[in-house]
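Have a look at the structure below before the remarks.
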Amino acid sequence: MNKFAFVDCKTVDQALGQLGDGAVIKAGGIDLLDLMKEDIISPPKLVNIRNIDTLRGITVSTDGLHLGPLVTLSEIADHPEIRRSYSALSDAAGHAATPQIRNMATLGGNIMQRPRCWYFRSSDFDCKKKGGSSNECHAHNGENQYHAILNNSTCAMVHPSSTAVPLLGMNAQVELTSKRGKRMVAMSDFYVPPEKDVVNETVVQPGELITRIFVPVPAQGTRSAYQKYGEKESFDWPIADAGVVLVMDGTVCRKAVIVLGVAAPTPIRSKAAEDVLTGKTIDEPVARAAGKAAMQSATPLSQNGYKTQLFQTAIYRTVLLAAGQMQRDPSAIG
Ligand SMILES: Cc1cc2nc3c(=O)[nH]c(=O)nc-3n(C[C@H](O)[C@H](O)[C@H](O)COP(=O)(O)OP(=O)(O)OC[C@H]3O[C@@H](n4cnc5c(N)ncnc54)[C@H](O)[C@@H]3O)c2cc1C
């Protein structure tokens, strides 16, 4: 690891003043320090935002939920109002990683973490995501068992953030602050597909800091759930995860949002699955049909065909869980 400067900031203005010339924001530091230790990045300066008090805190107000980017995954998982009214978000935060990591990991850092693709994470590979000259995604003809099964033709990495899944399903917005002012970005516009920008995963520009995440108050009758499936029972990233937000009128679904986590290079909604549920009474066959519809456009690689079946199961069970027709699936992990 190369030498770097470390600047501990106490205010947002102080942090903004330190950004530029390759300086990198550090929150919990879990992903950032991994990348530095793996020699994937060598920033000259770390701007520590961990001690900026105004970036902490969870506020429940009449318009929705206001989350500081330094709120930890544990705080989200344990918050009574988030558990009650934004269940998919507390489920996602509460089943990510390990208790120790959840105590340290921040929401801002979680949605900004970099892909886990081993070709990206290994300094031995000239991956185009790292600005390398290789035109081919190494996963296409390589070891691709954990890679994308949808939208994978340019780059087959998957975005690993669990909390991004419910945040997209709940129409959350991210506030970005820079020296030029503030802007709000909808979660649906936050992640950038590799076809548009193969190097950066988000619209966050150099010099911008996430200063708030806003989740609008759910419509009456909203129920939500999130489930994660993985190779190991804990301590692991998902290999399939689904977030489901339903607006229910009794047993009939008036509106459905279905988001798939590690299926594609960005968290994505499945319109095909949502259409299956809308206007229907939710039961087992309808939930299974939604899972099947979501996977109709899948283009699995040589070693990850199993993920299409896993996603069908994840969607089917998460729909039933959200509709209140199933208890949490014991085979889901976390
Ligand atoms: C064993 C293990 C299992 C894991 N399992 C999961 C899992 O199941 N699900 C999951 O989602 N994650 C999982 N993780 C990843 C972990 O949750 C993330 O690394 C963590 O959430 C990152 O948060 P952080 O605060 O440490 O971010 P940092 O490492 O500090 O930052 C990460 C990135 O975000 C940027 N950043 C941070 N805050 C801001 C901000 N306010 N504005 C702009 N940019 C910012 C940083 O510059 C950096 O690029 C796992 C990690 C481990 C080690």
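The values are calculated or read from the model by the stated rules, or taken from the named source; none is laboratory data. Owing to the predicted nature of the structure, the values given are computational and were not obtained by experimental measurement. Please note: Cβ atoms are built from the backbone with ideal geometry, for glycine as well, and neighbour counts cover all protein chains shown.
Of all residues in the range 171-192, those that are among the aliphatic types (A, V, I, L, M), surrounded by fewer than 24 Cβ atoms within 10 Å (Cβ to Cβ) and outside any helix (DSSP H, G or I) total 5. Look at (1) among the aromatic types (Phe, Trp, Tyr); (2) buried (at least 22 other Cβ atoms within 10 Å of the Cβ); (3) farther than 20 Å from Val165 by Cα and you find that Tyr316 fails only one, number (3). Residues that are in contact (Cβ under 8 Å) with a residue 60 or more places away in the chain and over 18 Å from the mean Cα position of the chain (by Cα) were ranked within the range 209-221; the one that is surrounded by the fewest Cβ atoms within 10 Å (Cβ to Cβ) is Val217.
For the range 102-146, a residue qualifies if it is surrounded by fewer than 22 Cβ atoms within 10 Å (Cβ to Cβ), modelled with pLDDT of 95 or more and of a type in the set (A, V, I, L, M, F, W, C), and the qualifying residues are Met104, Met112, Trp118.
Checked across the range 225-239, the condition of being farther than 26 Å from Tyr316 by Cα and within 11 Å of the ligand (Cβ to nearest atom) holds for no residue.
Within the range 65-78, residues that are closer than 16 Å to Val12 by Cα and in contact (Cβ under 8 Å) with a residue 12 or more places away in the chain reach partners that are near the ligand (Cβ under 8 Å from one of its atoms) and small (Gly, Ala, Ser) with beta carbons closer than 8 Å, at six or more positions or on different chains, in the pairs Pro69/Ala27; Pro69/Gly108; Pro69/Gly109; Leu70/Ala27; Leu70/Gly108.
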